[in-house]
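The values are calculated or read from the model by the stated rules, or taken from the named source; none is laboratory data. Please read these numbers as outputs of a predicted model, since none were measured by experiment. Counting neighbours? That spans all protein chains shown, and the Cβs are built from the backbone with ideal geometry, glycine included. SASA here: full protein model, heavy atoms, side chains in, ligands and nucleic acids out. Shrake-Rupley method; radii C 1.70, N 1.55, O 1.52, S 1.80 Å.
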Amino acid sequence: MLGATSHIAGRVLPAVGRVPGNVVEAVASRPGRVAAAGEVARRFGARVHDGYDALLGDPEVDAVYVALPNSEHVTWALRALEAGKHVLVEKPMALSEQDCLRIGRAAGDLVVMEAYMYRFHPQQRKVVQLLGRGEEGCGEAEGRGEGEGGGIGELRVVRAAFAYPTPVEGNIRFDPALGGGATWDVGCYAFDVPLWAFGVEPCRVWARFHGDPVDLGAVAVLDFGDGRSAVLDYSLEYGPRAHYELQGTRGSISVRNAWTTPHEDGVITVVTLDGVREEVVPAADAYELQVAAFADAVRGRRESLVVPLDHSVRVARVGEALIRANAVGDWVDLTSR
Ligand SMILES: NC(=O)c1ccc[n+]([C@@H]2O[C@H](COP(=O)([O-])OP(=O)(O)OC[C@H]3O[C@@H](n4cnc5c(N)ncnc54)[C@H](OP(=O)(O)O)[C@@H]3O)[C@@H](O)[C@H]2O)c1
């Protein structure tokens, strides 16, 4: 893995070891930080390399996990692909649609997946099932809202809110040069939801950001046409919230701990004309499930890749459009590309 001392490594590396058939073979930090990386390596019985390039030259490494600041994802995903490694890259895969497409072109037969871990959690799978997608999926939904008695009718509105107060000191999220800002940190989770839930792209988007020099938060609207929209808010400074709601013509589905995926049982509330019911989903480790799915894809089961590259391209396109909408102070049209 690249970025051995990152906070997120503390979640993902232990998960690798828990998935049968997978080991943390080697880790690397930036050049000159080999001592810190060595401590991480010892915890996982892995080799340590001095610098990311050295790890990419390790013939025993089949796949690379990129857990770097957002600004570094594209560079190191591309270098890992050039070195013939499969790539699991942290969200956001890239800060532009064009960069996602470059990664896609470079991948060839190698597996590349953006690490939206919540998509692998049984809570998320249950929501997709309730929406009418069926057993297999936490991929794109078809928006019918009638699966397995979900009974919410036609999906019309997605509301999503992700906020948490984040320490500022030394935090990559507050550095514009490192791809900081709420849009790419928490916002991308919020606009990921309407993209899979409606299964189509928005025709236009609107956003108002606050904060400087990075956006500390935003309110955004995505217009999907035919009366379908998403209303989002996200922030790096407001009190904790990780909630989305899918509003249909006959009811709604809401998820309280959507992205802070529950280690206790998850609760999905379904409100229909027949009343209110709660669907309880057993606790699970979304990181472990994500690693298992990625490893399956590397071994040839590509159907386990529930966050396909074209979805990542759409997420990046929407992120870019929201930034543009805030800058121009108006709707940004996405139909005339
Ligand atoms: N999926 C999730 O649940 C989740 C949760 C949190 C974060 N993330 C994503 O994971 C990535 C890392 O986030 P994090 O919270 O783990 O960040 P972090 O703790 O700041 O770690 C980032 C790591 O990147 C490396 N790095 C390389 N160049 C750097 C630079 N110029 N400045 C600072 N660090 C640099 C450092 O590792 P070395 O010195 O060891 O190389 C550093 O420890 C982000 O893309 C974030 O969006 C995902």
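When Rg is the radius of gyration of the Cα atoms in the range 247-337 and Rh is its Kirkwood radius, what does Rg/Rh come to?
Here the Rg-to-Rh quotient is 1.09.
Once Lys and Arg get +1 and Asp and Glu get -1 on their Cβ, which of L130, W76, L88 lies farthest toward the positive end of the dipole of the range 54-134?
L130
Can you tell me the order of 309-322, 219-232 when each peptide is scored by its average per-residue count of other Cβ atoms within 10 angstrom, highest first?
309-322, 219-232
Express the carbon and sulfur contribution to the solvent-accessible surface of the chain as a percent, rounded to the nearest whole number, probe 1.4 angstrom.
Ligands and nucleic acids excluded, carbon and sulfur reach 50 percent.
I'd like the orientation of helix 97-107 relative to the chain: the angle between its Cα long axis and the longest Cα principal axis, in ° from 0 to 90, rounded to 10.
Between helix and principal axis, roughly 50 degrees.
If E90, E245 are ordered by their accessible area, calculated over protein heavy atoms with a 1.4 Å probe, which sequence runs from highest to lowest?
My answer, sorted largest first, is E245, E90.
Placing unit charges on C-beta atoms (Lys and Arg positive, Asp and Glu negative, everything else neutral), compute the dipole magnitude of the range 9-115 about its Cα centre in debye, rounded to 20.
340 debye
Using a 1.4 angstrom probe with every protein chain in place, what is the largest-first accessible-area order of H243, H121?
Order by accessible area, largest first: H243, H121.
Taking Cα atoms, how many degrees apart are the long axis of helix 286-298 and the longest axis of the chain, rounded to 10 and kept between 0 and 90?
Its long axis makes an angle of about 70 degrees.
Angle check, please: helix 309-328 long axis (alpha carbons) against the longest principal axis of the chain (alpha carbons), in degrees 0 to 90, nearest 10.
The angle comes out near 70 degrees.
Let me check something: with ligands and nucleic acids excluded, how do T5, T272, T183 order by accessible area (1.4 Å probe), largest to smallest?
T5, T272, T183
Per residue of the chain, what 222 nm ellipticity follows from adding -39500 (n - 2.57) for every DSSP H run with n ≥ 4, rounded to the nearest 500?
Value at 222 nm, helices only, nearest 500: -9000 deg cm²/dmol.
Report relative contact order for the chain in percent, whole number only (criteria: Cα-Cα under 8 Å, sequence separation at least 6).
18 percent
If I histogram all Cα-Cα distances within the chain using bins 10 Å wide from 0, what percent of pairs lands in each bin?
Spelled out bin by bin, the chain gives 6, 26, 34, 25, 8, 1, 0 percent.
Let's see if you can work this out: charge +1 on each Lys and Arg Cβ, -1 on each Asp and Glu Cβ, no other charges. What is the dipole magnitude of the chain about its Cα centre, in debye to the nearest 20?
100 debye
Working from the alpha-carbon coordinates of the range 9-115, get Rg over Rh, Rh being the Kirkwood radius.
0.95
Tabulate in residue order the Karplus-calculated ³J(HN,Hα) for the range 236-244, using 6.51 cos²θ - 1.76 cosθ + 1.60 with θ = phi - 60°, rounded to whole Hz; enter x for Gly and Pro.
So the Karplus estimates, Gly and Pro as x, are 9, 10, 7, x, x, 7, 8, 10, 9 Hz.
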